[in-house]
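Inspection log for the structure reproduced underneath, given as structure tokens.
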Amino acid sequence: MMEMGKYLKRVGDDLWFTETDRDNLKIDYRIKDIVFSETSPFQHIMILDSYDFGRMLVLDDAIQTTAKEGYIYNEMITHIPLNIHPNPKNILIIGGGDCGAAREVAKYPNVERIDMVEIDEMVVQASKAHLKEVSGDLSDPRVNFIFDDGASYVKQKRDYLYDVVIIDSSDPVGPALKLFELEFYTDVYNALAEDGLMACQSESPVFYSEMMVNINSRLRSLYPIVKLYLATVPTYPGGFWSFTIGSKKYKDTNPDAFDKETKYVNKDILESCFALPNFVKERLEID
Ligand code: SAM
């Protein structure tokens, strides 16, 4: 018998998962099946098969990614920074346990190393076994799984620097909290080559704009170039989601160089991704 999790309820013959991300907003998803449900030393992990979004990865009752639309987030957090950097070879992914980001990075033949530092091995195992729509088979030998805390990993000395760091973390609670702090961003800055850049998910501009602004100002204190971009992720609270780039040298995308097979990112998206609505510009105090 699978653990039900706090927010799974039977209503008549139906099973519903309620996401209670906010005090005054709850969203219900009708579920066909509980595919996986276990508690790791870090969090409660579920893979649910839902009617509208297919299989979904749920960590501590928050939806992380789904079979139906996980590609939007995973393509945006990877292809934008990888297209800005003219020749990325060493890539670090922090978090990203669903393996969707690593799968996108593996589309770049010139990338030589993909270090993926995920705190929770069980998320990777569950995603590879039960969420192949997101993880793919990820047998690429360049992917080097390191099961460690991303914040301690970036403090360690290595004999190489990274060209691109992708911070694919869960929301700033529990073990992910450190991944939003200035100390961590400073360590990431130091782990980057002199022309390196990083990209992170920077929360909802609608519901968590304070966090988005904090991330922006922490990165502005380190990098000469800081840019924000948005995507609509239907299963994230508020729909809109933000990503932030901190770059030591490169600032523009190079749409003509983009030749990857994708479902969301294309040359037009790369051309226009830094166009922001007024309410976001006002929050960031940029023109
Ligand atoms: N796309 C997702 C989102 O924004 O909801 C995030 C994807 S991924 C599943 C987030 C991963 O970050 C989780 O697998 C979690 O275990 C991992 N994580 C949280 N804190 C971490 C830390 N301190 N170091 C490394 N990985 C961490």
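Please treat every number below as a calculation from the coordinates, not as lab data. Not measured: the values here are computed from a predicted model. Note that each Cβ is placed from the backbone with ideal geometry, even for glycine, and that neighbours are counted across all protein chains shown.
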*Of LYS251/LYS281; LYS89/LYS248; LYS132/LYS281; LYS32/LYS267, which ones are farther than 28 Å apart at the Cα?*
LYS132/LYS281; LYS32/LYS267
*asked:* Over segment 8-62, what portion of Cα pair distances is larger than 14 Å, expressed as a whole percent?
replied: 53
*Given charges at Cβ of Lys, Arg, Asp, Glu: the chain dipole, positive-most of ALA176, ILE91, LEU8*: ILE91
*Taking the simple approach of a point 7 Å from Cα along Cα-to-Cβ for both HIS44 and ASP195, what is their distance in nm?*
4.9
*When the chain is treated as a GNM, springs tying every alpha-carbon pair under 10 Å, which of GLY12, GLY136, GLY54 comes out with the largest mean-square fluctuation?*
GLY12
*Helix 209-220 versus the longest principal axis of the chain: what angle, 0 to 90°, nearest 10, using Cα atoms?*
30
*Of PRO277, PRO86, PRO234, which is the most mobile in a GNM of the chain whose springs link Cα atoms less than 10 angstrom apart?*
PRO277
_Positive-end extreme of charge dipole, the chain - chosen from LEU59, ALA199, SER127 (charges on Cβ)_ = ALA199
*3J(HN,Hα) from dihedral phi, segment 239-253, Karplus parametrisation 6.51/-1.76/1.60, rounded to Hz, x for glycine, proline*: x, 5, 9, 10, 10, 10, 9, x, 10, 7, 9, 8, 10, 10, 6
*Cα-centred dipole magnitude for segment 8-62, charges only on beta-carbon of K, R (+1) and D, E (-1), debye, nearest 20*: 60
_the chain: radius of gyration over Cα atoms, expressed as a fraction of 2.2 N^0.38 Å_ = 0.97
*Using distinct alpha-carbon pairs, which all enter the 1/r mean, Kirkwood radius of segment 78-173 in Å*: 13.5
_chymotrypsin sites (Phe, Trp or Tyr not before Pro), loop per DSSP, at most 15 other Cβ atoms within 10 Å - longest free stretch of the chain_ = 52-159
*Please turn the phi angles of segment 269-277 into ³J(HN,Hα) values with the Karplus equation 6.51 cos²θ - 1.76 cosθ + 1.60 (θ = phi - 60°), one per residue in order, whole Hz, x for glycine and proline.*
5, 5, 5, 10, 5, 8, 6, 10, x
*asked:* Need one number: % antiparallel among DSSP beta bridges in the chain, to the nearest 5.
replied: 65
*Taking +1 at the Cβ of each Lys and Arg and -1 at the Cβ of each Asp and Glu, which of TYR264, LEU228, ASN254 sits farthest along the dipole of segment 226-287 towards its positive end, judged by Cα position relative to the Cα centre?*
LEU228
*Rounded to the nearest 0.05, what FRET efficiency do LYS9 and ALA129 have when you use their Cβ-Cβ distance and R0 = 30 Å?*
0.70
